[in-house]
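J.: The structure under discussion is supplied below as C-alpha cells; questions concerning it will follow.
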Amino acid sequence: MATPPFCASALAPSVAPADHRLAFELAPIGLVISRQRIMIDCNHRLCEMFGASRGQLVGQSFRLLYPSADEYERMGQRLNAILQTLGVYADDRIMRRVGGRLAGESFWCHVTGRALNPQAPHEAGIWSFEDLSARRPVTAELTAREREVAAHLMEGLTSKTIGRALGISHRTVEIYRARLMRKYQAATTAELVHKLLAG
C-alpha cells in the first residue's frame, strides 16, 4: 500500500506551525539578508562566527567581513555577472573576523547566495556563511590576489579559467600559483591544492 503524502495538519495539535523567524535565528549556519551589499538582518550564528554583535553588523556593508577592500570590490563585480545569469552563487573564500578574541583573524568560509531579482543582483539577496576553519585553517599569510587564486585552485580550475574569472592573464595566475607553491612548500599543483584543503 502506498504511503500517503505528508500533511502538516496530521501533526499533533500541540505542535505549532513553523516559526520562520525562529528558524532563521537558530539556523546552524550564518544567514544574512542584504540590500545593495548592506546587511539588513543576520542571525545568531553569523554574529558568533564573525565575533560581532548584531548591532555591529546590521546596517554595515559586507566590506566589513572581507580581508581587503580590493577583494570586496572584485567579488562584487564577479557576483554581479554570475547572479544575473544563474541567480545563485557559491564559493569558498577567506573572510575576516570582526571582533572578540579572534578579531582580525582570517578564516576559510563557504558562502552561498541567491539574488531575489537576478536582473538587479545586488538589490536584495539571502546569503549563508559556513565556517570551514575547523577542517581548513589558514596557515600562511597570503595577499588578496593569492587568496583569490587559492580559492579557485581548490575548485580544480585551470590557469586560463582562473584568469578569465579574475580578469587577469593566465601567465599572471601562474605567477601567483608559483608564489603559493613556495609559501606552502608544494612541489606540484596537486600537492598545493591538498595543502590548501588541509590548511
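The values are calculated or read from the model by the stated rules, or taken from the named source; none is laboratory data. Predicted model only: the values in this text are computed from it and were never measured. For neighbour counting, all protein chains shown are included, and Cβ atoms are generated from backbone atoms with ideal geometry for every residue, glycine included.
J.: Can you spot a residue in segment 139-158 that is in the same structural domain as ASN43 (by TED's automatic domain parsing), within 26 Å of ALA178 (Cβ to Cβ) and within 15 Å of the chain's Cα centre (by Cα)?
T.: Taking every residue of segment 139-158 in turn, none turns out to be in the same structural domain as ASN43 (by TED's automatic domain parsing), within 26 Å of ALA178 (Cβ to Cβ) and within 15 Å of the chain's Cα centre (by Cα).
J.: Residue check: is ARG101 basic (Lys, Arg) and either under 15 Å from the mean Cα position of the chain (by Cα) or assigned to a loop (DSSP other than H, G, I, E, B) (or both)?
T.: Values: basic (Lys, Arg): yes; either under 15 Å from the mean Cα position of the chain (by Cα) or assigned to a loop (DSSP other than H, G, I, E, B) (or both): no.
In short, no.
J.: Name every residue in segment 22-37 that is of a type in the set (D, E, K, R) and at positive phi, in order of residue number.
T.: Pass one, segment 22-37, residues of a type in the set (D, E, K, R): 25, 35, 37.
Once the filter is applied, which keeps residues that are of a type in the set (D, E, K, R) and at positive phi, segment 22-37 yields only ARG37.
J.: Out of all the residues in segment 54-87, which are of a type outside the set (Phe, Trp, Tyr), assigned to a loop (DSSP other than H, G, I, E, B) and surrounded by 14 or more Cβ atoms within 10 Å (Cβ to Cβ)? Walk me through it before giving the result.
T.: As a first pass, look at segment 54-87 and keep what is of a type outside the set (Phe, Trp, Tyr): 54-61, 63-65, 67-71, 73-87.
When the remaining residues are screened for being assigned to a loop (DSSP other than H, G, I, E, B), the result is 58-60, 67-68, 87.
Across segment 54-87, the qualifying residues are VAL58, GLN60, PRO67, SER68, GLY87.
J.: Regarding segment 26-40, can at least one residue be identified that is hydroxyl-bearing (Ser, Thr, Tyr), within 22 Å of ALA90 (Cα to Cα) and either surrounded by 15 or more Cβ atoms within 10 Å (Cβ to Cβ) or in the same structural domain as GLY113 (by TED's automatic domain parsing) (or both)? Working first, answer last.
T.: Within segment 26-40, the subset hydroxyl-bearing (Ser, Thr, Tyr) is 34.
Still in the running and within 22 Å of ALA90 (Cα to Cα): 34.
Add one more test, that the residue is either surrounded by 15 or more Cβ atoms within 10 Å (Cβ to Cβ) or in the same structural domain as GLY113 (by TED's automatic domain parsing) (or both), and what stays is 34.
Within segment 26-40, one or more residues are hydroxyl-bearing (Ser, Thr, Tyr), within 22 Å of ALA90 (Cα to Cα) and either surrounded by 15 or more Cβ atoms within 10 Å (Cβ to Cβ) or in the same structural domain as GLY113 (by TED's automatic domain parsing) (or both).
J.: Follow-up. Select from segment 134-148 the residues that are without any contact (Cβ under 8 Å) to a residue 60 or more places away in the chain and of a type in the set (Gly, Ala, Ser) and list them in ascending order.
T.: ALA134, ALA140 - these are the residues of segment 134-148 that are without any contact (Cβ under 8 Å) to a residue 60 or more places away in the chain and of a type in the set (Gly, Ala, Ser).
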